[in-house]
Amino acid sequence: MIKEKAYLKKQIYGLLKDKYPVDPSTIDIGYTPQIKFGDLALAFPFQLAKKVKRPPRELAQEIIPLLSGLKGVDKVEAAVTGFINLYLDRKEFFLAQVHVLDTPSLNPEENKIIIEHTNINPNKAAHIGHLRNAVLGDTLARCLKYKGEDVEVQNYVDDTGVQVADVVFGFMEIENKTLEEVKKIIGKFDFYCWDLYTNVASFLEEHPEIQEKKSEILKNIEEGTGPESEMAFHVSRRVLYAHLSTMKRLNIFYDICPCESSIIHLKFWEKAFKLLKEKKAIHYSDKGENKGCWVMPLEDEPEQEKIIVRSNGTVTYVGKDIAYQLWKFGLLEKDFYYEPYLEENGKTLWITSSEPRESSTSFGKGSKVYNVIDTRQSYLQKIVVQGLKALGHLSQAASSVHFSYEMVALSQKSLKELDYDIDEKNIDKKFHEVSGRKGLGVKADDLLDRLEEKAFTEVSSRNPNFSPELKTDIAHKIAVGALRYFMLKYARNSLIIFDFEDALSFEGETGPYLQYTFVRINSIFRKLKERQGFDECELKTLAESDQIPLEALSDREKDDFWEIVIYASKFEEEIGHSIESLEFSHLAKFSFNLCQKINTYYHKYTILSEENPDLKNVRIYTIFYVREVLDKTLHLMGIPKPERM
């Protein structure tokens, strides 16, 4: 529809420019509320009426004869209110839509886009809250790539942070393990660290005097010295590998894993610190509560200050984030060293290093950066942008996008199913926040395992003759579809209250419903081939010869057919709208509505048993077109397409 609207806009402007003060930017083409009023609506008579001081309806009626020759339009009418309604040539439009299925109409706008997402602290297993971040970031990347953008996906690894230090403290001070003993731990290492991290939190609450020892461990990790540093390297890399394995189950992959240790050891912060001081973006505080700190006055509240460097000389998270953001835009005049880490999805995943090494690869230097971080980090993201502005990088500040989202919480029922004890003071709460420090949360792998078990049972009951391998494959795809759609269908600034029944449902507005619709359409083509030797390649030939006999349809079926075609043709507009608003619930809802429409159509009109060849051809073409659109939207949402269900 994007190309059709652009083509019509160009025609309309050419027909009217000599007689009326119009310009292309004011010729907006929208949709009518119902098909009986036409397919597209022109609102520009209202703007034009203000310029020429005439009633919109009068102008619309005067303009209609000039538009009678619009190519691709069957009829033009004026609405009572003053809109001009266009009725498209249905056959011509449908054929055009089929022809352009493989040529996206969304045009790339940036030189290079960087998306940073997932970013789980490498100290414990990923939980359900992390999955929302990863699914949103991955869907954005898929949509931008479909648009034609050059996209680089980064997964930041805070391998020297407080959380990793806590786990190192737990191994060394609570469990008294050496590095060699830690290396011998078998099983799910990230699960082991999950429990250890929770134990450390409890231990430190009971023994506050030990905090000094933990601070010493953190200092050694940051400086890269002592056995603590070696332990931190092993823990963070091993947990990172577990995270990547979890994300691989969801078909989520990355290009580069930048490590905080590399940022520290390559002195990225020192370079950024020097620039910030030179531009007077920060200053040294010699009095008050921030005495001895380097601080940045807040843009919106100049009397307030944000600490960038603490009085003990350590840099805060936001300081390191400013340095990292400068590198992403290629503004730091420094770079990492890179080494291959894994082969994933047919390509190399790279990781940064502070050790000199030869590499022909390069990362960063983006023209736009999306940071996918939950809404609680909005304040710190504003400080990062303020840092760019203070250094004079105004365009980069404007191109720094905080892709924020709300958290995932747990329902009371979910807590009971997980055997968590609920304090009496919290017994009336409708939901509970996920807390890694308290060990409160659904581990991502546990959730996927449960989804796969449920899906396997369902597939087995419906298809007992399938091989165990096929059942397992289908169950995995259904589980991924269920989880990814669950994470996308809610508005990003809505709190998701996770409930097992909702997430595991295979009916209603769910990923499995979309998958089932896709499988059902495919089964029709499979049966057509088995029973009648039908070849899908014939569809292209039929389209190119313009042999789609719409005239064979009844008036009622023409409208049902047309409603589906018009709705499906909006899919690229939905993609563009989702990218612009960063609201992928739109794309999820569009896909669900499309499935509902095609399922209703399928129930109304037979295909396999239809004896009229003309009717049959039109119906085959209709489901073919919907399947191709659905195929694209499922891919963009990362929802796998099972062969059978």
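Quick notes on this structure:
- Computed across region 1-147, the Kirkwood hydrodynamic radius from all distinct Cα-Cα pairs reaches 18.5 Å.
- Carbon/sulfur fraction of accessible area - region 205-359, other protein chains in place, 1.4 Å, %: 47
- Computed about the Cα centre, the dipole magnitude for the chain is approximately 1560 debye when only Lys and Arg (+1) and Asp and Glu (-1) carry charge, each at its Cβ.
- When Rg and the Kirkwood Rh are both derived from Cα coordinates, the Rg/Rh ratio for the chain amounts to 1.03.
- Note on the chain: helix-only mean residue ellipticity at 222 nm, from DSSP H runs of 4+ residues weighted -39500 (n - 2.57) and normalised by residue number, equals -16000 deg cm²/dmol.
- Two-decimal ratio, region 78-208, of alpha-carbon radius of gyration to 2.2 N^0.38 Å: 1.87
- Averaged over residues, the count of other Cβ atoms within 10 Å places the peptides 454-461, 350-357, 615-622 in the sequence 615-622, 454-461, 350-357, highest first.
- Magnitude of the charge dipole for region 475-619, about its Cα centre and with charges confined to Cβ atoms of Lys, Arg (+1) and Asp, Glu (-1), is about 500 debye.
- Since only TYR13, THR103, ILE113 are under comparison, the one whose Cα sits farthest along the positive direction of the charge dipole of region 1-149, derived from C-beta charges on Lys, Arg, Asp and Glu, is TYR13.
- The relative contact order of region 273-320, computed from alpha carbon pairs under 8 Å that lie at least 6 residues apart in sequence, is 24 percent.
- All Cα pairs of region 327-427, percent lying beyond 18 Å: 68
- Accessible area per residue, Å², the chain with all protein chains present, probe 1.4 Å: 46
- Cβ crowding within 10 Å averaged over residues, with 114-125, 198-209, 140-151 ranked highest first: 114-125, 140-151, 198-209
- Considering only the chain, percent of DSSP beta bridges that pair antiparallel, nearest 5: 60
The values are calculated or read from the model by the stated rules, or taken from the named source; none is laboratory data. None of these values were measured; they are calculated from a predicted model. Glycine gets a Cβ as well: all are built from the backbone with ideal geometry, and neighbour counts include every protein chain shown. Note: accessible area is taken over every heavy atom of the protein model, side chains too, but ligands, DNA and RNA are not part of it. Shrake-Rupley method; radii C 1.70, N 1.55, O 1.52, S 1.80 Å.
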